[in-house]
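Notes to accompany the following structure.
The values are calculated or read from the model by the stated rules, or taken from the named source; none is laboratory data. These numbers come from a predicted model, not from an experiment. Glycine gets a Cβ as well: all are built from the backbone with ideal geometry, and neighbour counts include every protein chain shown. For accessibility, only protein heavy atoms count, side chains too; no ligands or nucleic acids. Shrake-Rupley method; radii C 1.70, N 1.55, O 1.52, S 1.80 Å.
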Amino acid sequence: MDKLNTTLLCLSEENGTENILDLLKSLNPNEIRLNSSSSIKSLLKYKNKLIILKTTELVAELAKDESNRNVLSEKEILQLLLNLLESDESINLNVIRALGNIFFENEDATNMLEKNDFDKILNKFYDLEGSDNILLLSKISGLLLNIFISNGDLKFVNKNQLLNHISSILEKQSSIKSDDIKYFSYLLQIIYTLMVEYEDQIIYSEKLYNSIIDILKNSNIPELELICLQILYNASDTDKVQFLLAKLNVCEKIFELIEKYKGLIEDEESRSILKMACDLINNILIEDESMQLLYNEGQGKVYKNCVQWLDSTDEDLLATAIMAIGNFARNDKNCISIVKGGISKKLIELLPKYVSKNPNIKLLHGLLSTLKNLVVPKINKAIILEEGLLTSIEPVLEMDEDIVIFKLLGTLRLLIDGQETAARNMISKKLFIEKLVRWFSNTHHLGVKLEVSRLLAWLIKNCHSWESMQYILKTDGAVACLVSMFSSEDVIMENEALFSLNLLAISIIQCSDITSLKDIDVEKNKAEFVKQIVEADIASVLPYMRIFSHSEQMLENLIGLLEKLLVHQDILNHFVDKKAANTLIENMQMIKYQNCLEKLQKVISLVSL
């Protein structure tokens with residue numbers, strides 16, 4: 001039995017008050033290890049104010065120790081302490097400290113709280129204003145934080161009422177002093193904890209975000225800056241918040257913080273904080289109105305800061321700048337302005353630097369994503385080609401990371417649109433076409449497969465050369481990539497497949513008139529085309545029903561392709577073997593255009609042999 005329990009057995013409230021006070025004054029909480037809670041319960045029941053004051057002070061200190069905290073985690077002790085919340089201010093402060101320390105990392109104790117219990121604490125919190133007793137407010141904020149962190153079952157708590165009150169308190173604080181750090185930190189951590197644990201129950205007001213942003217801007221205290229960033233980062237996935245953060249210049253403040261602390265990044269934890277701050281910048285730029293506001297015709301401070309970071313040796317800052325510029329490049333006007341400003345050339349020069357045995361995948365993905373956005377406007381394509389993009393991407397072609405290849409293919413596809421010379425040069429490189437087919441065959445990444453197919457189709461469409469199209473036929477499996485587009489169930493890609501296969505089929509005929517090609521090569525290409533078409537099982541893959549229900553132009557393209565294919569006996573036999581006539585007849589009723597219907601009937605008569 002501990003000293004406290006032993007002494008109290010010999011004392012009573014009537015004749016032992018002075019002795020009890022002397023005892024309490026003589027105790028060193030650091031030396032006490034409670035075996036039971038009986039002495040504490042007895043002391044908390046005394047009517048003497050001084051004894052209650054000293055006892056609550058003692059409990060607050062004892063509860064700092066985990067073993068004592070476990071002994072004190074009893075429903076009766078909690079009730080006795082909660083009942084004392086209506087006492088005078090000095091006792092109040094001790095009670096709040098005692099409860100805060102008992103609930104620290106103590107789920108068992110927190111689960112003992114009922115609605116009435118928690119209401120007593122909240123009422124005390126709601127009675128306080130930001131300008132009243134800062135010490136008391138700090139302690140009760142810490143108590144509330146410990147309760148929420150301990151993961152108690154708090155379904156009965158009105159979280160939004162609590163947040164609104166916190167918002168009002170924060171709003172009333174016109175400045176942050178060093179003495180206030182714990183008080184602000186506790187309130188901000190409560191907001192963050194509610195945000196993480198009870199996301200689906202929370203409604204955040206603009207007033208609250210304004211207060212958090214004010215604290216972030218006015219504070220020079222790292223702990224407060226960090227928790228503000230964490231809250232804003234968690235909230236930055238909605239358009240409304242993104243625009244508010246942009247409007248209130250949060251990105252500029254983040255840049256200031258990163259520049260201020262980047263030299264102190266020494267471990268994984270501080271690096272993760274830097275990455276979070278960087279990600280917050282790009283989260284804000286996702287929203288179109290925010291992006292335009294911060295771009296400001298290329299004069300925005302945030303945009304200029306990003307351009308500066310393109311020279312950074314810190315890869316996280318560099319990646320942030322690249323992705324931010326990609327976000328700014330989401331409309332033609334901005335893209336044209338950015339390329340005119342020489343940024344595309346800078347990005348192109350960065351590409352080869354980050355392809356190595358251990359490439360920075362995030363950075364490369366960001367570079368290609370941004371360049372893909374920049375090549376969309378017609379006026380930019382020739383400029384970016386002249387700046388050397390095709391040469392700079394050569395090392396990337398040796399990579400096998402799907403997410404990088406996916407972006408690379410999309411960038412090239414958009415780049416060669418309308419660029420005949422570039423398309424002809426690319427389609428004429430046998431090793432490049434073989435690489436495309438190999439990527440298609442060796443990946444499970446659907447995006448890569450689709451982009452390989454589309455790039456081949458766009459190369460055929462844009463090269464404007466019957467002779468150049470023959471390079472597709474020199475690579476086994478290339479035609480199958482085009483045929484695979486019919487399985488996408490996407491009308492744009494199905495039309496691209498029809499168009500490119502029509503051009504290929506025509507090129508077989510036209511090549512007989514090209515003097516640079518020998519007759520043996522022409523026949524060889526024709527045989528290869530027929531072989532690849534049959535191996536791709538085109539008769540089974542063609543989505544007749546979907547195409548019949550689309551536009552007249554698309555239907556014309558299908559019929560035109562069938563007419564060109566069926567002149568080759570092996571392809572005709574393939575369609576007959578696959579009973580294509582039955583499928584065509586079954587879907588004929590969907591055709592609304594008489595001209596197309598008559599042409600299709602001729603096709604059906606051919607495959608019905």
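Just to make sure I understand: if all protein chains stay in place, what is the order of 17, 421 by accessible area at 1.4 Å, largest first?
Details: 17 30, 421 100 Å².
Ranking 17, 421 by accessible area, largest first, yields 421, 17.
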Between the alpha carbon centres of the stretch 58-136 and the stretch 548-582 the gap in Å comes to 81
Here the stretch 29-120 gives, from Cα atoms, an Rg and Dmax in Å of 12.0, 35
Long-range share for the chain, i.e. C-alpha pairs more than 48 Å apart as a percent of all pairs, stands at 42
Judged on accessible area alone, 1.4 Å probe, highest first, 576, 522 line up as 576, 522
Longest principal axis of the chain (C-alpha) makes with the long axis of helix 206-218 (C-alpha) an angle, in degrees to the nearest 10, of 80
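Could you give the accessible area per residue of the stretch 477-609, probe 1.4 Å, as a whole number in Å²? Write out the running numbers ahead of the final one.
Numbers: 6390 Å² over 133 residues.
For the stretch 477-609, the solvent-accessible area averages 48 Å² per residue.
Compute the FRET efficiency between residue 434 and residue 521 as 1/(1 + (r/R0)^6), taking r as their Cβ-Cβ distance and R0 = 22 Å, and round to the nearest 0.05.
Working: r = 18 Å, r/R0 = 0.84.
With R0 = 22 Å, the Cβ-Cβ based efficiency is 0.75.
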For the stretch 453-510 the translational diffusion coefficient, Stokes-Einstein from a Kirkwood Rh over Cα pairs at 20 °C and viscosity 1.002 mPa s, in µm²/s, is roughly 191
Charge dipole of the chain built from unit charges on the beta carbon (Lys, Arg +1; Asp, Glu -1), centred at mean Cα; most positive-end Cα among 104, 448, 283 is 448
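Please return the longest stretch of the chain lacking exposed loop sites, where trypsin sites (Lys or Arg not before Pro) count only if DSSP places them in a loop and at most 16 other Cβ atoms lie within 10 Å. Walk me through the numbers before you get to the answer.
Values: sites that count: 33, 45, 47, 64, 155, 177, 330, 357, 429, 474, 518, 579, 592.
Counting only loop sites that pass the neighbour cut-off, the longest clear stretch is 178-329.
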Extension length gain for residue 217 and residue 476 (0.36 nm per residue less Cα distance), in nm, is 87.1 nm
Sorting 158, 493, 146 by the position of each Cα along the dipole of the chain (Lys, Arg +1; Asp, Glu -1; all at Cβ), the one nearest the positive end of that ordering is 493
Relative to the chain, whose Cα atoms define the longest principal axis, helix 115-127 and its Cα axis are tilted in degrees, nearest 10, by 80
Volume per residue (Å³) of the convex hull spanned by the alpha carbons of the stretch 200-300 is 108
Counting only DSSP loop positions in the stretch 57-137, the GluC sites (Glu not before Pro) whose Cβ has at most 15 other Cβ atoms within 10 Å are 105, 114, 129
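Could you size up the charge dipole of the stretch 290-416 around its Cα centre, putting +1 on the beta carbon of Lys and Arg and -1 on that of Asp and Glu, and report it in debye to the nearest 20? Intermediate results must be reported in sequence, preceding the final value.
Numbers: 15 positive and 14 negative charges, 105 e Å.
The dipole magnitude comes to about 500 debye.
Roughly speaking, to the nearest percent, how much of the chain's 1.4 Å accessible area is carbon and sulfur? Write down the numbers at each step before the final one.
Values: 13640 of 27850 Å².
Of the solvent-accessible surface of the chain, carbon and sulfur hold 49 percent.
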CD proxy, 222 nm, the chain: helix-only mean residue ellipticity via -39,500 (n - 2.57) per DSSP H run with n ≥ 4, per residue, nearest 500, stands at -21500 deg cm²/dmol
For residue 564, the lysines lying under 21 Å Cα to Cα, once residues fewer than eight places off in the same chain are dropped, come out as 461, 474, 524, 526, 531, 578, 579, 599, 602
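Rank these residues by their accessible area, most exposed first, probe 1.4 Å: 243, 440. Could the numbers behind the result be given before it?
Numbers: 243 55, 440 35 Å².
In descending accessible area the options line up as 243, 440.
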Computed ³J(HN,Hα) along the stretch 527-537: with the Karplus parameters 6.51/-1.76/1.60, θ = phi - 60°, integer Hz and x for glycine or proline, the list is 5, 5, 4, 4, 4, 5, 4, 5, 5, 6, 6
Quick calc, the chain, dipole around Cα centre from Cβ unit charges on Lys, Arg (+) and Asp, Glu (-), nearest 20 debye, gives 1360
Taking Lys and Arg as +1 and Asp and Glu as -1, residues besides residue 139 with C-beta under 12 Å from its C-beta add up to +2
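Can you tell me, using C-alpha contacts under 8 Å and at least 6 residues apart, the relative contact order of the chain as a whole percent?
6
How many percent of the alpha carbon pairs in the stretch 284-418 exceed a separation of 24 Å? Please report the intermediate quantities before stating the final value.
Values: 2079 of 9045 pairs.
More than 24 Å apart: 23 percent of the Cα pairs in the stretch 284-418.
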